[in-house]
Amino acid sequence: MQGPRVSNHLFYLSIPPNIFLDVVKCASKSASSVSGWTRVIVEKPFGRDSESSAALTKGLKQYLTEDQIFRIDHYLGKELVENLSVLRFSNLVFEPLWSRQYIRNVQLIFSEDFGTEGRGGYFDSYGIIRDIMQNHLLQILALFAMETPISLEAEDIRNEKVKVLRSMKPLRLEDVVIGQYKSHTKGGITYPGYTEDKTVPKGSLTPTFAAAALFINNARWDGVPFLMKAGKALHTKQAEIRVQFRHVPGNLYKGSFGTDLDRATNELVIRVQPDEGIYLKINNKIPGLGMRLDRSNLNLHYAARYPKEIPDAYERLLLDAIEGERRLFIRSDELDAAWELFTPLLKELEQKRMAPELYPYGSRGPVGAHYLAAKYNVRWGDLGGSEH
Ligand SMILES: NC(=O)C1=CN([C@@H]2O[C@H](COP(=O)(O)OP(=O)(O)OC[C@H]3O[C@@H](n4cnc5c(N)ncnc54)[C@H](OP(=O)(O)O)[C@@H]3O)[C@@H](O)[C@H]2O)C=CC1
Ligand SMILES: O=C1O[C@H](COP(=O)(O)O)[C@@H](O)[C@H](O)[C@H]1O
């Protein structure tokens, strides 16, 4: 970071949270740049609830200004998450549809096909809701649902995101399902359950899976379920955003779809990873003399369209921090609003010692997630089996 005339100092705190403040104090008192800027990138966890997060922010602000703090959420640096706003705001075919009038539900899905595998120490004190939902999935939701920002400037975008977060309806326990993976034997191999991991305390109730139905109390999204699902040790590794559109009113072709009209509605899928892509499910006529309909995908497959390697999220974010670009970093009021949404639920789960529903390692997760979706007339799009 040393230039010929000014010396800028960037610190990247990928360290255990209990030493954050000591390190920041030393960095600010003894290693701040005299001639240039000093910035600090902070990795999550940013606290574990509203109170601890506020205490961390207060502690950091003893030594740094908000402008010097870069709270990283690496999902914001993923190519397809960055592309979300481009897709919506630069395409006339999408922006007018982006509301309760045309969108039936939105699904934000994260799954990993491996468990804690000996790294349960950190995870067990946080759990999947804090690890993935409160940050990665909620950030995607905010970007997805925000109003058009005045400009692409960081503050304008973050102002819109924070409005979404503050408009969220409080999360109710009955709108949440938690799960934990258990041992499973497949093909002669036994995969260990979460509590069999030596780094996890015996009898831990920490969820390794959660599904939730969230709602945004504003004119654009009133009544539209935003369903989140996140889990470890599931059948696949993927992250995607699914937008299911409403039925076509008075559809001339409804006779051709049978009784299951949901299968005939358009669905936009943004596959964040792996194998990045965006596809839109449409109905079309099967070529021939009769009138039979089919479902097809209009498909933007990144590997085919852009053979060059996609930069890693951290590459983008570290470069942004060096350039002082804050658009993809979390502002303190966004963080407060995110914790405000999840803290009461997390406390209730912990106070009531809610037992997670067990699911086999490598499965599709607890069946409770299906009931939760069904309560809002939703079917998880990733489990449909009619993808390609
Ligand atoms: N592990 C995970 O799955 C996840 C971790 N995180 C967060 O990411 C960050 C890094 O995680 P991870 O790499 O697993 O963390 P580690 O515990 O492995 O530590 C990372 C670094 O911190 C240093 N360190 C640890 N304790 C001290 C100490 N008392 N004084 C000075 N330096 C210390 C280590 O130095 P040395 O190598 O010399 O010990 C190491 O360089 C943390 O903030 C963690 O909370 C976030 C999400 C997931
Ligand atoms: O932040 C985290 O993310 C990783 C998953 O990141 P990805 O880029 O590989 O999808 C997750 O494994 C970890 O538990 C979590 O803390």
**Asked** Rounded, prolate or oblate: which fits the stretch 1-154 when a ≥ b ≥ c are the square roots of the eigenvalues of the alpha-carbon gyration tensor, with rounded for a/c under 1.5 and prolate only if a/b beats b/c?
**Response** oblate
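Distance cut-off 27 Å, Cα to Cα: go down the list LYS232/LYS308; LYS44/LYS347; LYS44/LYS237; LYS78/LYS285; LYS198/LYS237 and report the pairs above it.
Working: LYS232/LYS308 30 Å; LYS44/LYS347 19 Å; LYS44/LYS237 21 Å; LYS78/LYS285 36 Å; LYS198/LYS237 23 Å.
Check vs 27 Å cut-off fails for LYS232/LYS308; LYS78/LYS285.
Summing -39500 (n - 2.57) over the DSSP H runs of n ≥ 4 in the chain and dividing by its residue number, what mean residue ellipticity at 222 nm do you reach, to the nearest 500 deg cm²/dmol? Spell out each step's value before the answer.
Numbers: 10 runs with 105 residues, N = 388.
Result for the chain, helices only: -8000 deg cm²/dmol.
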**Request:** Compare GLY223, GLY188, GLY121 in a GNM of the chain, Cα atoms joined below 10 Å, and give the one with the largest fluctuation.
**Result:** GLY188
**Request:** Please list, in chain and number order, the residues 5+ apart from ARG71 or on another chain whose amide H is under 5 Å from its amide H, with Hs placed from the backbone.
**Result:** VAL42, ILE330
**Complete:** Spelling it out for LEU10: with amide H atoms placed in the peptide plane at 1.01 Å from N, the residues 5 or more places away or on another chain with amide H under 5 Å from its amide H are ARG39
**Request:** For the stretch 316-381 and the stretch 106-125, write down the distance between their C-alpha centroids in whole Å.
**Result:** 11 Å
**Request:** Take every DSSP beta bridge whose two residues both sit in the chain, then give the antiparallel share in percent to the nearest 5.
**Result:** 70 percent
**Prompt:** So which trypsin sites (Lys or Arg not before Pro) in the stretch 81-148 are both in a DSSP loop and have at most 12 other Cβ atoms within 10 Å of their Cβ?
**Reply:** ARG119
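Read-outs: derived from the displayed coordinates by stated rules, not from any lab. This one's a predicted model, so the numbers in the text were calculated from it and none came from an experiment. Quick reminder, even Gly has a Cβ in these numbers, built from the backbone with ideal geometry, and neighbours come from all protein chains shown.
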